[in-house]
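Working notes, beginning with the structure itself.
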Amino acid sequence: MGIEVIDGTIEAAVVKRSSATLSLYDSITIRTTSGSERRLEKVAVAPDVAAALQPGTDGRFYGYKAIDHRGLFAMRTRDGRSAFAIPSGNERIMFMLAIVGLVGFAILLMLGKGIGWLALVLGVLGVLGYISYRRTRLEGRARYDADVTQAAQRMAHAASLLPEDAPAAKSVAVLTSQLPVYTGLVETARTLNRAGLPLGLAYLGSASQLMRTTILPGADELHRQQAAELDAAHDRGVAIPFAVLVLLAATLAGIVDVSLRERRRTHRTVSVGLLAAVVALLAALGWWAVATTAANGRLDAAQRHGAAASALDDARTAVLQARSSESLTLVARSAGFASDADFTAQVDRVVGPDGASGLLARADGGAPGSADRLTAIAVAVGDWDAAHRRVRELDDGGRYREAVESVVTTTPGGSGATFERLDTALADAIAAERTAFAASADSAAGALRGLTVGTALLGLLAAAAVAAGLGRRIGEYR
């Protein structure tokens, strides 16, 4: 018995047979985020989870193994879908086997027929099997819930690290308090929907409303505050230290003045000590000028990459909100919890109403291949928008099942497949800009490496040279 968590993308899922209560797969192949291949064989999956096991589905998958049975009992996809369902048939069979075996053993014992060893063995095996399957189900539920709990704990930890008057404290507090409420509403909706009760729709609408009006705005505000802090740090990094320049200029002017005075008094052309001091200070100034110019250029590049990554993050958030609107419209059957206008508004945020503005227009940070990636994203947005329009035509034409299948599966040309392609393109572009940002920031730090110590040593050398030069002249008059 054990629980396994796999992060990756479904590459293949070969169904052996399927029924209304269970799907059996010959094999499920997952390409993990580390690049390795994970192949699961002879896998049992409940229908709620099996609906998402399509090639191209990207997310986190939860597996179990109890006795000699293997299965996938839950999943959370990158686009926000989730499902939890452990096949309970074996657990019920073991429970009935335990009851039959133990009752049969007790009846034979009471009738004086001796010890019914077969009944006893069946009863014990049933008890052990029931305990094993039940324990797996409970541990699976706990592991599935642990991800949300861990997210809440991390948010709480982040909140504890912030001072009470920090600008981000309010946003972190909102996310920390509302995340458990959201997950509770979703779980309640799922339970009611499985029971066939229409009340689940109301809970799902409440969860969506909470996500849209409270959690996502809180996350967006936190993101904006972080971006503002990054901009402020950039401004501080490229600011010219006028006080240092004035001090250095005053020191050079003082040394030159002393040198000229000494020349007039002694009629000597140059003081080696004072000349060495001037050379040392000019070297420090030249080093500082070259290093800071190079660092500022690299910091400007880092800022461009950061701004591009921020725009792409906003674009991905808008795409996920559009995906949520698309799904919720189908679930609610346009009952008021969402509308197609939400989808259109979010897509317009990404590419603009004219198809050439929006978030993508400011998402080119100059990373290698950035223009090609943005072109691929724009094409993917157009493909998804076209697939979405086909979904609406199917739904409005009374072909609801076909509309749902287009959204929840990765059938080529369907909404699910085109969304996965768009989400992957956005993820790749964000990763590239963040990598370029980190490289530029590290390069800027490298340009300044040794500057503080080096200029300090040159300053000390200049002071020593001044002292030596003036000391020699003072000694001549003693």
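With respect to LEU312, is the statement that it is at pLDDT 80 or above and under 26 Å from ARG76 (Cα atoms) true? The answer is yes for LEU312.
Of all residues in region 214-232, none satisfies the criterion of being closer than 15 Å to THR317 by Cβ and over 21 Å from the mean Cα position of the chain (by Cα). Which of the residues spanning region 457-478 are more than 15 Å from ALA289 (Cα to Cα), at pLDDT 70 or above and either out of contact with any Gly (no Cβ under 9 Å at 6 or more places or on another chain) or among the hydroxyl-bearing types (Ser, Thr, Tyr) (or both)? Matches in region 457-478: LEU457, GLY459, LEU460, LEU461, ALA462, ALA463. Checked across region 368-379, the condition of being at pLDDT below 80 and on the phi < 0 side of the Ramachandran plot holds for at least one residue. For region 43-64, state whether one or more residues are more than 18 Å from THR188 (Cα to Cα), assigned to a strand (DSSP E or B) and at pLDDT below 80. So far as region 43-64 goes, yes, one or more of its residues are more than 18 Å from THR188 (Cα to Cα), assigned to a strand (DSSP E or B) and at pLDDT below 80.
Per the listing ALA436, ALA447, the residue uniquely farther than 21 Å from GLY8 by Cα and under 22 Å from the mean Cα position of the chain (by Cα) is ALA436.
Just one of the listed residues (ALA445, ALA436, ALA467, ALA456) is in a helix (DSSP H, G or I) and closer than 18 Å to PRO368 by Cβ, namely ALA436. Restricted to region 312-427, the set of helices (runs of 4 or more DSSP H) holding at least 2 residues that are out of contact with any Lys or Arg (no Cβ under 8 Å at 6 or more places or on another chain) and of a type in the set (Lys, Arg) comprises 370-396.
Candidates GLY273, GLY286: the one that is under 19 Å from ALA250 (Cα atoms), at pLDDT below 85 and loosely packed, with under 15 Cβ neighbours inside 10 Å is GLY286.
The values are calculated or read from the model by the stated rules, or taken from the named source; none is laboratory data. Everything numeric in this text was worked out from a predicted model, so none of it was measured. For neighbour counting, all protein chains shown are included, and Cβ atoms are generated from backbone atoms with ideal geometry for every residue, glycine included.
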